[in-house]
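The values are calculated or read from the model by the stated rules, or taken from the named source; none is laboratory data. This structure is a prediction, so every number in the text was calculated from the model and none was measured. Every residue, glycine among them, receives a Cβ derived from its backbone with ideal geometry; neighbour counts consider all protein chains shown. Please note that ligands, DNA and RNA were not included when accessible areas were found on the heavy atoms of the full protein model with its side chains. Shrake-Rupley method; radii C 1.70, N 1.55, O 1.52, S 1.80 Å.
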Amino acid sequence: MTEPRRLRGHKATATCCIASRDKPGLVATSGEDGCICWFDMRCKDVKFVMDVSNEPISSLCFNSGNENIIYVSTGNEVKCFDVHTLADNSWKPLESYNYNKEEINQVTCNSRSSFLASADDGGEIKIIDIRQKRIFKTLRAGHTSVSLLFKPFAFVTGGLDSKFIIWDFSKGRPSKIVDFGLPDMHSGSNAGQCLNPAFVHSVKVPDVDMLDKIGKICVVARGDGVIDVINTESELTATKPKSSTKSRKGTQSKGSDGGVPDENGRKWLHLDYSLGGHTAAVSCMTFSLFGEKGKFLVSGGNDKLVKVWDCSRCLDSRQTGDTNELLHLNINLTKKVNWLCTTPAESDNLVVCDTTKLVK
């Protein structure tokens, strides 16, 4: 490992980063300074800086079908920009959505570019119809500070209530609820981590072009340092609809070994520190865009470490029980990780926002 490049442009802590899939090397970052910085990895300096808000920017995402369109959350507002139409020093948004009551912590766009989801600190998830430019649905499930993912085959959320939810989007209610705060959900984790709450800090599913290789899984990053690899298809298959009140509210999972067997008897895989994992809260995760897409899962945590996991070995271990050599690489940092993303490039392909204003 060589010393990381340092991307300068923010005047305060960098909060989020996203990388273009259509234009390898193009990266956008946001910060507590209310700015978005655009970088081209082929160049040394920032390309341009958008002064978007007087408040910190919490999240960014591209429109899935048009990466010239970017969505930005700041305070309780989502702003939409067309980067190609912006004049110098004029950062007027195409659209603004003010449907959330509390501060938004994440926005994401579905794979068909038809809906935008914004999750706030009050636990509400607003689904916005992008084409009609109006609120489509509000999802409520008692979440607090929601992390969400809206592509390509499921709508999943996690929160500081330690719950992970797979949603029935058409009905606007949970199909499956997993409560990591239950005592028996901790039994698969090493006792050394049990004092840290199993808050769900991040959820991630593979992109459409990764499904053939790694399938319909979801990875859940927890506050106790554990990453759970869950087969969402199996979870939904195992959920039997009933005409009871409980089924209408979603099925809450309870299992031994910290996981629930799927239809073939396989358990969820726990990537904890006994396997070389994190020793503090896992704050962010992403699948690799470089090389063979989806081959690696990259995680960052409050232990000032970035870990690269071999997805193929992880999935094989669910069938064989062999958990050797799941961890591919350890990267030591000097600060806690706020956010990270990967790029499709051959080099400079991991971008990390830590608790400083410098992006690595």
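Filtering the range 317-347 down to residues that are under 21 Å from the mean Cα position of the chain (by Cα) and part of a loop (DSSP other than H, G, I, E, B), which residue is surrounded by the fewest Cβ atoms within 10 Å (Cβ to Cβ)?
It comes out as 335.
Out of (1) touching a residue at least 40 places away in the same chain (Cβ under 8 Å); (2) closer than 19 Å to residue 5 by Cα; (3) assigned to a strand (DSSP E or B); (4) among the β-branched types (Val, Ile, Thr), the odd one out for residue 356 is which?
(3)
Determine, yes or no, whether residue 301 is more than 19 Å from residue 206 (Cα to Cα), touching a strand residue (DSSP E or B) at 6+ places or on another chain (Cβ under 7 Å) and modelled with pLDDT under 75.
Answer is no for this residue.
Would you confirm, using the coordinates I've provided, whether residue 344 is closer than 30 Å to residue 27 by Cβ and at pLDDT below 95?
It is true that residue 344 is closer than 30 Å to residue 27 by Cβ and at pLDDT below 95.
Quick one: which residue in 258, 294, 276 is in contact with a helix residue (DSSP H, G or I) (Cβ under 7 Å, 6 or more places away or on another chain), on the phi > 0 side of the Ramachandran plot and either at pLDDT 50 or above or of a type in the set (A, V, I, L, M, F, W, C) (or both)?
Exactly one of 258, 294, 276 is in contact with a helix residue (DSSP H, G or I) (Cβ under 7 Å, 6 or more places away or on another chain), on the phi > 0 side of the Ramachandran plot and either at pLDDT 50 or above or of a type in the set (A, V, I, L, M, F, W, C) (or both), namely 294.
May I ask you to verify whether residue 267 is of a type in the set (Lys, Arg) and either out of contact with any Pro (no Cβ under 7 Å at 6 or more places or on another chain) or at pLDDT 95 or above (or both)?
So residue 267 does not fit the description; no.
Is it the case that the range 293-308 has a residue that's open to solvent by 30 Å² or more (accessible area, probe 1.4 Å) and more than 27 Å from residue 196 (Cβ to Cβ)?
yes
List, please: which pairs have Cβ atoms under 9 Å, are six or more places apart or on different chains, and start with a residue in the range 201-215 that is at positive phi and end with one that is part of a helix (DSSP H, G or I) and open to solvent by 70 Å² or more (accessible area, probe 1.4 Å)?
215/233
Checking the conditions here, which among 96, 113 is farther than 29 Å from residue 290 by Cα and either touching a strand residue (DSSP E or B) at 6+ places or on another chain (Cβ under 6 Å) or surrounded by fewer than 16 Cβ atoms within 10 Å (Cβ to Cβ) (or both)?
From the options 96, 113, the qualifying one is 96.
Within the range 80-89, is there a residue that is assigned to a loop (DSSP other than H, G, I, E, B) and surrounded by 17 or more Cβ atoms within 10 Å (Cβ to Cβ)?
Checked the range 80-89: no residue is assigned to a loop (DSSP other than H, G, I, E, B) and surrounded by 17 or more Cβ atoms within 10 Å (Cβ to Cβ).
Search the range 7-49 for residues being at pLDDT below 95 and of a type in the set (D, E, K, R), and hand back the single one that is most open to solvent (accessible area, probe 1.4 Å).
42
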